[in-house]
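Worksheet: the structure to be examined is printed underneath.
The values are calculated or read from the model by the stated rules, or taken from the named source; none is laboratory data. These numbers come from a predicted model, not from an experiment. Cβ atoms come from the backbone with ideal geometry, glycine included; neighbour counts cover every protein chain shown.
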Amino acid sequence: MIYTRSIGDIRLTNLIEYVGPTHDPFVTFPDFDASVVARNRDWLTNAHWYANLQRMVIAIQIWIVQTGDKVILIDSGVGNRKPRAAARMHLLNTLVPQWLAAAGASFDQVTHVVMTHLHGDHVGWNTVLDGDRWVPAFPKAHYLMPRLDFDYFKGLYEQNPAADPSFGDSVIPVLDAGLVDFVDEGDEIAGCLRAVFAPGHTPGQMNYWIGEGHQQAVFCADIFHHPLQITDPHLNTAFCVLPEVARKTRRDFLDRVADTGTLIMPCHFGWPHCGYVRRDSRIGAGGFAFVPAEPDLPQRN
Ligand SMILES: [Zn+2]
C-alpha cells in the first residue's frame, strides 16, 4: 500500500512494508492492563486493534519525501532476506523495491536515506544481498544516522554481534562504502528537514521536522508505536532503552504538537498511518487524543 499527501510543495508518501494485528499489548507494553482498552474502546477500530485476537495493529512504514530534486527516505524498514529473531521480520520477500520505484524512489533515484534511530526495523533496506555480501541498496544516496545511536549500537554489536545482526548487515556495509554522515541535534538535512533530539526509545533517537507555520509535519519515529501511547503516554514499549527519558520525551512531544495542526508521521501506526494530536481529557489517561489524518483518496495509475 502506498499513500501520498502534500505539505505545501513537498510530497509525502508512506509505503507500507507490512501491516497487521501482530503485537500482543501485554508483551509490547510492560505496564499495560485491560483498562487501557476499556477506556479507549470508542475509537479503537480495526485500523488499530483486533479485539478477537487481542492484538494491536502495527505497520512498518518507509516514508518518502520528494521536494525539488531530492528524494529522501525516512527510515528503511526491515528489508528482504534478513535473518531476524522475530518471525514476522525473518527472511522477508516483499516487493518493496518495485513499490519504491512506483513511488519515484527507486534504488538509483534516492538521494538521502535518513534514519530516526538504528533499530533493525528502521535500517533494513539500507542494504541488499549481492551474492553473499550485503551492499548499499541506494548507491547514490547519503545515509544519515543519529551519531549517538551509532555509538550505542556499535557498542552493543561489538559486545555480541549475534544478539542483533542488523548493525552488521544493514549499517556497517553503508559505513564501509563511505556513504554515512552522522546527525546531531539541530542539523538541517537536505535543505528541508530539521533534526530534533527525541531520546528514550533509543539513546540517540531523532525526530525530523519539515514545513513551516501552519504547514508543519514531523517524522516522530518510535516516540509512539501505537496511538494508545497518545491517550496513555505512560506506556513505554519493552524496547524503550531509557524508560523514564522516553516518557518525558513523549509527554514533551505531545505538549508541543497538540492543537497546532502539526501532522505527526510515526513509523508504526495503522491506517491512515498519520494524524494529529488534540487535547481531550475525556479520553484515555493522558489528556490527549489521536485524530487520524484525512485519508488519501484512491488515485488512478
Ligand atoms: Zn520501530
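So W99 ticks every box in (1) part of a helix (DSSP H, G or I); (2) within 16 Å of the ligand (Cβ to nearest atom) but one. Which box is left unticked?
(2)
Hey, among A51, A47, which residue is small (G, A, S), in contact (Cβ under 8 Å) with a residue 60 or more places away in the chain and surrounded by fewer than 21 Cβ atoms within 10 Å (Cβ to Cβ)?
A47
Residue check, V277 against (1) hydrophobic (A, V, I, L, M, F, W, C); (2) surrounded by fewer than 17 Cβ atoms within 10 Å (Cβ to Cβ); (3) under 17 Å from A221 (Cα atoms), all met but one. Which one?
(2)
Within segment 11-24, identify whether any single residue is of a type in the set (F, W, Y) and within 26 Å of R282 (Cβ to Cβ), and answer yes or no.
No, the conditions are met nowhere in segment 11-24.
Cβ-Cβ under 7 Å, sequence separation 6+ or interchain: first residue in segment 71-86 and within 13 Å of the ligand (Cβ to nearest atom), partner at pLDDT 95 or above and of a type in the set (D, E, K, R). Which pairs?
G77/E17; G77/D121; V78/E17; V78/D121
Taking the options A86, A101, name whichever one is over 30 Å from E212 (Cα atoms) and of a type outside the set (D, E, K, R).
Working: A101 fails: over 30 Å from E212 (Cα atoms).
None of the other options fit; the residue is A86.
Please go through segment 243-253 and pick out each residue that is surrounded by fewer than 24 Cβ atoms within 10 Å (Cβ to Cβ) and either closer than 24 Å to L193 by Cβ or polar (S, T, N, Q) (or both).
V245, K248, T249, R251, D252, F253
Give all pairs with beta carbons closer than 8 Å in which a residue from segment 115-129 that is closer than 16 Å to V180 by Cβ meets a residue that is near the ligand (Cβ under 10 Å from one of its atoms) and in a helix (DSSP H, G or I); count only pairs at least 6 apart in sequence or on separate chains.
M115/H122; T116/H122
Looking at segment 108-124, is at least one residue under 19 Å from the mean Cα position of the chain (by Cα) and among the small types (G, A, S)?
Yes, because at least one residue in segment 108-124 is under 19 Å from the mean Cα position of the chain (by Cα) and among the small types (G, A, S).
Quick one: what pairs do we get from segment 7-33, first residue assigned to a helix (DSSP H, G or I), second β-branched (V, I, T), C-beta under 9 Å, 6+ apart or different chains?
P25/V36; P25/V37; T28/I58; T28/T237
Could you tell me how many of the residues in segment 143-160 are without any contact (Cβ under 8 Å) to a residue 40 or more places away in the chain, surrounded by fewer than 22 Cβ atoms within 10 Å (Cβ to Cβ) and not hydroxyl-bearing (S, T, Y)?
Total meeting the criteria: 6.
Considering only residues that are at pLDDT 95 or above, surrounded by 16 or more Cβ atoms within 10 Å (Cβ to Cβ) and aliphatic (A, V, I, L, M), which ones fall in segment 13-43?
L15, I16, V19
Can you pull out the residues in segment 110-125 that are part of a loop (DSSP other than H, G, I, E, B), surrounded by 24 or more Cβ atoms within 10 Å (Cβ to Cβ) and within 8 Å of the ligand (Cβ to nearest atom)?
Result: H117, single match.
Go through G284, G261 for me and flag whichever is surrounded by 15 or more Cβ atoms within 10 Å (Cβ to Cβ) and at positive phi.
Exactly one residue qualifies, and that residue is G284.
Looking at segment 165-189 only, could you name the residues that are touching a residue at least 60 places away in the same chain (Cβ under 8 Å), farther than 30 Å from E212 by Cα and under 19 Å from the mean Cα position of the chain (by Cα)?
Result: S166, S170.
Which residues, counting only those in segment 177-235, are within 14 Å of the ligand (Cβ to nearest atom) and β-branched (V, I, T)?
Matches in segment 177-235: T202, I223.
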